[in-house]
1. Might you tell me the accessible area per residue for the chain, computed with a 1.4 Å probe and given in Å²?
2. Putting +1 on Lys and Arg Cβ atoms and -1 on Asp and Glu Cβ atoms, find which of Ile168, Leu25, His99 reaches farthest to the positive end of the dipole of the chain.
3. For helix 56-72, what angle does its Cα long axis make with the longest principal axis of the chain, in degrees from 0 to 90 and rounded to 10?
4. Taking +1 at the Cβ of each Lys and Arg and -1 at the Cβ of each Asp and Glu, which of Ser44, Leu159, Ala83 sits farthest along the dipole of the chain towards its positive end, judged by Cα position relative to the Cα centre?
5. Using a Gaussian network model of the chain with C-alpha springs under 10 Å, which one of Glu71, Glu48, Glu15 is most mobile by mean-square fluctuation?
6. Just need the relative contact order of the range 101-152 here, percent rounded to a whole number, with Cα pairs under 8 Å and 6+ apart.
7. Could you give the size of the charge dipole of the range 14-168 about its Cα centre, using +1 on the Cβ of each K and R and -1 on the Cβ of each D and E, expressed in debye and rounded to the nearest 20?
8. Got the relative contact order for the range 30-168 handy, in percent, Cα pairs under 8 Å and 6 or more residues apart?
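The values are calculated or read from the model by the stated rules, or taken from the named source; none is laboratory data. What you are looking at is a predicted structure, and each value in this text was computed from that prediction instead of being measured. All Cβ positions, glycine included, derive from the backbone under ideal geometry; neighbour counts span all protein chains shown. Side chains are part of the model used for accessible areas, which takes the heavy atoms of the whole protein and leaves out ligands, DNA and RNA. Shrake-Rupley method; radii C 1.70, N 1.55, O 1.52, S 1.80 Å.
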Amino acid sequence: MTEQTDPMSAVQVLEQQLAAAPADLDLRLRLAHALEALTVSARSVTREGLPVVTSARQRELCAWAARRILELKVPDARLTTGAQALLAELDAGRRWVWHGQGQVAIAAVVVLGLVAVVLGGLAGVVAVVVAGAVLSSVLLSVLVLRFRRERWRVEAERLAPVIWRPGI
């Protein structure tokens, strides 16, 4: 590798060297290894030694490094498979999930809003219908923003007590 101890510095030096000699297979392989080391050092580590993504900055850096490893087209199946697996993990982490008891609260707001609208409609009071619709819509929006999160954020909050070393 290089004499640099900082993985990002090592990557930068190797990128400069590769720009001068783009056909050098050994250099591309060393850069791919440096990028892999960067993804490991960037992520947080649990007490069990598992690397986990706990910040948006970690996600961005790991995605960039994994894509760059694949771009290098190195003849190392472990590096390629690892980069593909990391990208798949990051992609899965972008999916939105309901967090905690949000579903019950949302159902309650929807039911209360419908009750207000129906009762106001039956009574012929337009103000109650409008107020019920507006208030339940606002509450529903607040609850969705509060309880629906990307999966990686939910996992990061769940793992926070067992993080041994925070990443970048």
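1. Working: 10090 Å² over 168 residues.
Computed with neighbouring chains in place, this is 60 Å² per residue.
2. Farthest towards the positive end: His99.
3. 40 degrees
4. Looking along the dipole axis, the top candidate is Leu159.
5. Ranking Glu71, Glu48, Glu15 by mean-square fluctuation puts Glu48 first.
6. On the way: 41 pairs, mean separation 23.4, N = 52.
Normalised by residue count, the contact order of the range 101-152 is 45 percent.
7. Numbers: 19 positive and 13 negative charges, 57 e Å.
The dipole magnitude comes to about 280 debye.
8. On the way: 166 pairs, mean separation 49.6, N = 139.
RCO, the range 30-168: 36 percent.
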